[in-house]
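Structure first, commentary second.
Please treat every number below as a calculation from the coordinates, not as lab data. Note that the structure is a prediction, hence the values are computed from the model and not measured. Cβ: placed from backbone, ideal geometry, glycine included. Neighbour counts: every protein chain shown.
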Amino acid sequence: MLVGIVLVMIAFNVALPISELSHTITRGTLGIALAVVMLAFLMMITRQKAITQVVGFLSMENGLFLAATSATYGMPMVVELGIALDVLVGVIILGVFFFQIRDQFDSLDIRHMERLKDN
């Protein structure tokens, strides 16, 4: 929890010089987006279960999307629909992989997969 708080403080301090150049209402969103990305990296690194790592990956993607939309004042609708389709297909593929992993190992804990790497 303390590491997450430190990461949020670092994210806002890094984004502060960039957000001072902006004069719109989206001034603080770059810091929020960077904090979401850093917290998602933390979640992907520290969690043991594959599902929580995928949640971290999806959170990171959402943070990057928030940074892109706040820095460019929005995106065209075609780009947004393309990204939504990409995320939908990715979630479906990850769901199939999770079901296959659970069938093979009877668990989604990544320690079982690390034992295969060691052998």
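The table below gives the values:
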item: Total charge dipole magnitude, the stretch 2-118, about the Cα centre, Cβ charges on Lys, Arg, Asp, Glu only, Debye to nearest 20; result: 200 debye
item: Peptides 29-37, 55-63, 89-97, 3-11 ordered by average Cβ neighbours within 10 Å, highest first; result: 29-37, 55-63, 3-11, 89-97
item: The stretch 2-118 - Kirkwood radius from inverse mean 1/r over Cα pairs (Å); result: 16.2 Å
